[in-house]
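To start, the structure itself, in structure tokens.
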Amino acid sequence: MIVGLTGGIGSGKSAASRVFESLGIGCVDADVVARDVVAKGSPALSAIAEKFGSDILTPEGQLNRALLRERIFTSPADRVWLECLLHPLIREQMLAQLKQQPPPYSVLVAPLLFENNLDALCDETVLIDVPESVQRQRVTQRDRVDENQVQRIIDSQMSRSDKQARATHCLDNTGTLAHLESAILALHSHFVAKSS
């Protein structure tokens, strides 16, 4: 059984996935897989450097993520090009990793779970949900970026109400970590029972 875990930027997906992992559940993180497919020396990184120029690389030859993010959020055509390059590679790698996870279930952590129709791979989905004001506050503090950049990222993602309508389970993460942990523990019991 595969459970999809998603939420907008700054919603607390990482904290939620750590709780699942602490329960012994294997998590495959789309963001980690996305970093792996553009690792130094990878064919995808070479294609990105060819498209955007060598200044898209750091002096060490790694992808300059901040610069790439800036470029693709100001150019929809560049974003589409990048998604067409990376999404098939990421999907293939995620599926391979999910197959290697032990029972009773595994978690696919993906910020764009619904946008990229990755929920089609999942038996159930969990949305970690917070209001946009909380997202903006958390991300500006965490990443030290301005609110306009955070808002552009939020605007590029599916609306909160559409995600809520599509998710099997919605967890409000405006409270404490203990509150999130207890909500996930209840879901864990449900998933274990369903997968047995």
Is one or more of the residues making up the stretch 118-127 under 24 Å from GLU83 (Cα atoms) and open to solvent by 50 Å² or more (accessible area, probe 1.4 Å)? yes
Within the stretch 145-164, work out how many residues are in a helix (DSSP H, G or I) and under 25 Å from VAL80 (Cβ atoms). 13
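Can you tell me which residue among GLN149, GLN164 is at pLDDT below 90 and under 19 Å from the mean Cα position of the chain (by Cα)? Explain how you work it out, then say what you get.
Numbers: GLN164 fails: at pLDDT below 90.
Of GLN149, GLN164, the one residue that is at pLDDT below 90 and under 19 Å from the mean Cα position of the chain (by Cα) is GLN149.
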Among the listed residues ALA30, ALA39, ALA44, ALA15, identify the single one that is over 17 Å from LEU180 (Cβ atoms) and open to solvent by 20 Å² or more (accessible area, probe 1.4 Å). ALA39
Would you say PRO103 is farther than 30 Å from SER189 by Cβ, at pLDDT below 95 and over 16 Å from the mean Cα position of the chain (by Cα)? no
Output the residue which, of all residues in the stretch 99-115 that are closer than 11 Å to ALA30 by Cα and of a type outside the set (Gly, Ala, Ser), is most open to solvent (accessible area, probe 1.4 Å). LEU112
For the stretch 149-171, enumerate the residues that are out of contact with any Cys (no Cβ under 9 Å at 6 or more places or on another chain), within 25 Å of MET1 (Cβ to Cβ), of a type outside the set (Gly, Ala, Ser) and surrounded by 14 or more Cβ atoms within 10 Å (Cβ to Cβ). MET158, ARG166, HIS169, CYS170, LEU171
If a residue must be under 13 Å from LYS13 (Cβ atoms) and exposed (fewer than 15 other Cβ atoms within 10 Å of the Cβ), how many such residues does the stretch 128-148 contain? 1
Qualifying positions in the stretch 56-67 - open to solvent by less than 80 Å² (accessible area, probe 1.4 Å) and either of a type in the set (Val, Ile, Thr) or more than 17 Å from the chain's Cα centre (by Cα) (or both): ILE56, LEU57, THR58, GLY61, LEU63, ASN64, LEU67
Going through the stretch 172-192 in order, the residues found to be open to solvent by less than 80 Å² (accessible area, probe 1.4 Å) and either without any contact (Cβ under 8 Å) to a residue 24 or more places away in the chain or touching a strand residue (DSSP E or B) at 6+ places or on another chain (Cβ under 8 Å) (or both) are ASN173, GLY175, ALA178, LEU180, SER182, ALA183, ILE184, ALA186, LEU187, SER189, HIS190, PHE191
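The values are calculated or read from the model by the stated rules, or taken from the named source; none is laboratory data. For clarity, every value in this text was computed on a predicted model and none was experimentally measured. No Cβ is skipped: glycine too gets one built from the backbone with ideal geometry, and neighbour counts run over all protein chains shown. SASA here: full protein model, heavy atoms, side chains in, ligands and nucleic acids out. Shrake-Rupley method; radii C 1.70, N 1.55, O 1.52, S 1.80 Å.
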